[in-house]
Amino acid sequence: MPRIIFKCRYLKNAAAHAENLVTYVATREGVEKIPQNRQNLPATVKQKLLITDILARFPDSDRLFEYEDYQNSPTVENASELISAALDQNLDQLSHQEVYVNYIATRPRAEKLGAHGLFSDENTPLVLLQAAEEAARHTGNIWTPIISLRREDAARLGYDNAAAWMALLRKQRNIFAEQMKITPENLRWYAAFHNEGHHPHCHMIVYSADSREGYVTKPAIETMRSSLAREIFQQDLLQIYSEQTVRRDSLTAESRDTLRELLEQMEDRICASPVIEDLMSRLAERLKYTAGKKQYGYLKAPLKELVNQIVDELAKDERVAAAYAKWQELRNEVLRTYKDQLPEPLPLSQQKEFKQIKNMVIAEAVSLGDRHVTFEGDEDVGPSSEEENGALETEPKLPLPEPPEIVVNQDDVPDDTPDDAPPSDSDRTASGKPHIAWNDRYKQARTFLFGNDETEPDFEQALRLFLEEAEDGNVLAMHDLGRMYADGLGREIDTGTSFSWYAKALSSFEDIESEKENRYVEYRIGKMYAAGLGTEQDYEEAAGWFGEAVSKNHKYAQYSLAGLYFRGQGVKQNYETAFSLYLRAAVQHTPYADYELAKMYRDGIGTVVNSAEAARHFKIAFQGFQQMEKQSRDDKLQYRLGQMLYTGTGTEKDVEAALGYFEKSARLGNVHAQYMLGRIYLDADGGHENTEQAVRWLTKSADGGNALAQYALGKLCRDGTHVEKDISRAISLFTLAAEQENSYAAYALGRLYLQNEDIPKDVDAAVKWLEKSADLGNQFAQYTLAKLYLSGEDVPKDIPKVLELFQKSAAQGNSLAQYRLGRLYLLGEDVPKDVEAAIRWLTLSAEQGNIYARFFLDHPDSFQDPPLFLAATRLLHHLSRIFREEQERLPGGPRMQVESKLRRKIRQKKIAQGHAPDDHEQKLITY
């Protein structure tokens, strides 16, 4: 029995043979409230005879809620309710229009809105006599819909009063008009709510002002019923049911869990079926000689039957059969809401929701017939989000902040000037001669640049004061001007002007150093050569300047030179020397050095692994960074603190505090902090999702040249996620990132050019970027390139290159590459057979869960034609994905999409009615 009953019949004149029934409406037992002591007595003989007569005259009365109650318990009360409901809902068969209108408006238990219970579109009170006369005079079709609910549902969902029904029917009126083939402006309707004891219901009269309009079909009745059901029961399908339906929800959840487990089994198992293999072999052979499109709709009947046999044979697999049964149970939960009778279960091959499996069967058969190289199990091959982002949770693969250019802790800045900076005097300042001055005006400019607890950054004021200082010859101001123009702080990025100011600063530092050696100036010159600021990047030159400062025991020079030795830049790589220099700098209270020492202790690089020392130095570094940031407000320090709080390095993990530091750093133009903000705000599971802010910060970071941001933003543009889909922009962003050696961006470019429906296929461009990514060590690019060279369809077949690329990818743990190598060697496909190598690679792949590799290991000699077995297994996996998609379309699944054709139809209809195209766009369908 459905949870909503909806009838829609024509109004007819009274029938003489039914007079006794009309009379009984007024005189029958139970017209007054039945005494409580008689309610549960068995139905009387007279009641039973009358019910028999009613069922004979009005057979569809057995679909009433009251009939179900009477069947379950044939008491006096239930018999009375059934007789009353049956006559009430068939009165249109027993009287003419005017009588019917009066009846539904004034009968007992009709909720009255004044003198009667009639309502319609208008808020103004209706004149009952006028409405009745209009209906009586109408010469066209008149329909008498009746909508009935169970008392418990009506009370729980708020449909136990006339106001709720009035709002519902006014909202549904255009759907009624469409289904009854009535122009909306011609629709006339009246309704009244009858608050019956067990099953409250609503009577309607519907007709068109144009008597030539109006026609109702059975599908239209079902559509109106389902539309009402979706609206009335939407609460049940968007939130937990009340206590009366908890058990049903529990059973539904159990069914979903069972179906999910079955789908996982389908995806993780093989399908060894001799029958399917034989049928696939026959289909493949026959398709060789079939002209035209190889799609189910274009095939002749005998071939279609063969395809159906394969699908139904798949359905015999116990996992598929169980999954199909569970899917039908879940779908029937939806249908019970508004259908009187559930459809009979269909064979899988005849179920329209799964028709796409038929074309997959045909595609597999064509591939078998043509002996194409197949790559089973790699439909979703690609990097995980952690791999794409460079595993940022553990150690970001980003340039780490350098020590501040100006040393500002109290020990190093007696009299407001770095202790190792050369002195300045008024003559040098007045003449504009290069000098270093940590004076009041310069400090004020720095405050405007970085801000403090009382002051927000003011880039315009900072620029003005830096320019004044630079004109007076202050080298520190020249350097800061280069940074402002480079990062676009308060103005557009201007790399030319930036380079010019950096070059002036470098030249001035060298002039100061030429007059008198100074370790601080030597350190600053080394930093500029290391970063390529105002000059070509030259690590060897940088190492020389750092060495000069180190010889004078400059702690930041020790830290910077250690970094060059660690990376082998400008000097021969030497971890032990790097460790020693970091240690010397850390002794002088350099938090940066503590941080690097902690990593070396943690990883056992340049020293033995020592977790306790690693933790100690991380903690010292974090505390030191905090103290330095309070004094300098440097964006690099803020980024570093944010990163340590985000990952819980040297402190407790605190994403909220990390966001605070990232925000400060990002506002100062730090592209790494901007990227981290974008990434955190994009994470739906992190508790801070804000897609608008995510796109904003990723865009700023990408514009600033951050490769990870360019790649992340490129993915959003490619997929149309949170931004409008824009393949051209995606390609541009991926290209920028790939040119910065981002292997994932290069891989994404290769895949785009190879198999994206939005742009023409470009094999040359695909190979170019895949090779770049593969050369950078990307295992997915290596695997994808190897597939290309193995299939020989888009590029010439090249087995030596295939083996090289598969081996590189497999060595990085790619289970698909390991499986493919194992299969090549086991079957002797294109390479000499090597069982020992095959078992080695298949074992590695199987240990990672590759079911195909496991099957080959378990059955190395038990089959003669592996492609047939593999085709059957692939079909099983295709089917599991179709089940998953269909499960998600059911209420309670992750989401339910409105079909594209229906969206277009809705949009066209709304436009025709004068609505804006995006007015109340329908996003979700629930039943």
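The values are calculated or read from the model by the stated rules, or taken from the named source; none is laboratory data. Everything quoted here is computed from the prediction, not taken from an experiment. In this analysis, Cβ positions are derived from the backbone assuming ideal geometry, glycine residues included, and neighbour counts consider all displayed protein chains. Protein only, heavy atoms only, side chains kept; ligands, DNA and RNA dropped before computing areas. Shrake-Rupley method; radii C 1.70, N 1.55, O 1.52, S 1.80 Å.
Values computed for the structure shown
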| item | result |
| --- | --- |
| Pair N123, V831: separation of 7 Å Cα→Cβ label points (nm) | 7.9 nm |
| The range 454-605 - percent of accessible surface contributed by carbon and sulfur, probe 1.4 Å | 46 percent |
| Modelled FRET efficiency - R0 35 Å, Y298 with A167, Cβ distances, 0.05 increments | 0.10 |
| Full-extension gain in nm, I175 to D603, via 0.36 nm per residue minus C-alpha separation | 147.3 nm |
| Solvent exposure, largest accessible area first (probe 1.4 Å, DNA, RNA and ligands not counted), of H859, H589, H672 | H589, H859, H672 |
| Global geometry of the range 783-843, whether rounded, prolate or oblate, following the gyration tensor of its Cα atoms and the 1.5 cut on a/c | oblate |
| Sites E68 and D210, calculated FRET efficiency, Cβ-Cβ separation with R0 45 Å, nearest 0.05 | 0.70 |
| Apportionment of accessible area to carbon and sulfur, the range 680-728, percent (1.4 Å) | 38 percent |
| Loop-resident sites, the range 426-512, for GluC sites (Glu not before Pro), counting at most 11 other Cβ within 10 Å (DSSP) | E454, E492 |
| Spin-label zone in the range 533-571 - amide nitrogen under 16 Å from a point set 7 Å from the Cα of Q631 along the C-beta vector | 555-557 |
| By average C-beta atoms within 10 angstrom, highest first, the peptides 842-854, 44-56 | 842-854, 44-56 |
| Förster radius 41 Å - calculated FRET efficiency between N610 and E536 (Cβ-Cβ, nearest 0.05) | 0.55 |
| Local electrostatic count, N186, Cβ distance below 15 Å [Lys/Arg +1, Asp/Glu -1] | -2 |
| Normalised contact order of the range 540-630, rounded percent, pairs of Cα under 8 Å and 6 or more residues apart | 20 percent |
| Solvent-accessible heavy-atom area per residue, rounded to whole Å², over the range 764-851 at 1.4 Å | 42 Å² |
| Solvent-accessible area per residue for the range 624-731 (1.4 angstrom probe, square angstrom) | 39 Å² |
| Greater than 24 Å apart at Cα, pairs in K768/K808; K355/K787; K572/K772; K552/K599; K171/K352; K516/K636 | K355/K787; K572/K772; K552/K599; K171/K352; K516/K636 |
| Average Cα contact separation per residue, the range 679-825, under 8 Å, 6 or more apart, as relative contact order % | 12 percent |
| Residue-level accessible surface for F566, protein heavy atoms, 1.4 Å, Å² | 60 Å² |
| Projected label distance in nm at K516 and D458, using a 7 Å step from Cα toward the beta-carbon | 3.5 nm |
| Neighbour cut-off at most 10 other Cβ (10 Å), DSSP loop, trypsin sites (Lys or Arg not before Pro), the range 759-836 | none |
| Separation of alpha-carbon centers, the range 146-219 and the range 682-721, rounded to whole Å | 48 Å |
| Chain lengthening between D775 and E689 when straightened (0.36 nm per residue, less Cα-Cα) | 27.4 nm |
| The range 447-588 shape via C-alpha gyration tensor axes, a/c threshold 1.5 | prolate |
| Order by protection proxy (mean Cβ within 10 Å, highest first), peptides 178-186, 568-576 | 178-186, 568-576 |
| For the range 458-524: accessible area per residue (Å², 1.4 Å) | 40 Å² |
| Stretch gain in nm, segment D494-E847, where the contour uses 0.36 nm per residue and the Cα spacing is subtracted | 121.7 nm |
| Where labels lie 7 Å past Cα in the beta-carbon direction, separation of K48 and A811 in nm | 9.0 nm |
